[in-house]
Amino acid sequence: MAVERLSSQQWQRLEAELKRGPLAHGFDDAEQGWTLKRVKLLIGRLFHVGYTVQGVWRLLKRHGWSCQVPVRRALERDEAAIEVW
């Protein structure tokens, strides 16, 4: 198992910041939610600790986070435009 690079206090802060959402951290298209790349950037900004995208995924999994997939399609979805495309 890899060595944890964030202290428990840092993890608690990261978790709190993730719960605030991507918009609070300057990501304009917040409807996309958190991506591994965004979490990686946030960790770097907050703690000056470098992670790979795979490392971020392992970190989140280790702390009980999982990937989220939308349950339903967006209301704005344009089926006709999708079919033409």
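Worth pointing out:
Condition check ((1) outside any loop (DSSP other than H, G, I, E, B); (2) in contact with a strand residue (DSSP E or B) (Cβ under 6 Å, 6 or more places away or on another chain); (3) farther than 19 Å from Cys67 by Cα) across all residues:
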| position | (1), (2), (3) |
| --- | --- |
| Gln10 | yes, no, yes |
| Arg13 | yes, no, yes |
| Asp28 | no, no, yes |
| Lys37 | yes, no, no |
| Gly44 | yes, no, yes |
| Val49 | no, no, yes |
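- Residue count for segment 5-47 under the criterion of being open to solvent by 60 Å² or more (accessible area, probe 1.4 Å) and touching a residue at least 40 places away in the same chain (Cβ under 8 Å): the result is 1.
- Positions within segment 51-64 being in a helix (DSSP H, G or I) and open to solvent by 50 Å² or more (accessible area, probe 1.4 Å), in sequence order: Val53, Gln54, Trp57, Arg58, Lys61, Arg62
The values are calculated or read from the model by the stated rules, or taken from the named source; none is laboratory data. Note that this is a predicted model, so its numbers are computed, not measured. Backbone-built Cβ (ideal geometry, glycine too); neighbour counts: all protein chains shown. Protein only, heavy atoms only, side chains kept; ligands, DNA and RNA dropped before computing areas. Shrake-Rupley method; radii C 1.70, N 1.55, O 1.52, S 1.80 Å.
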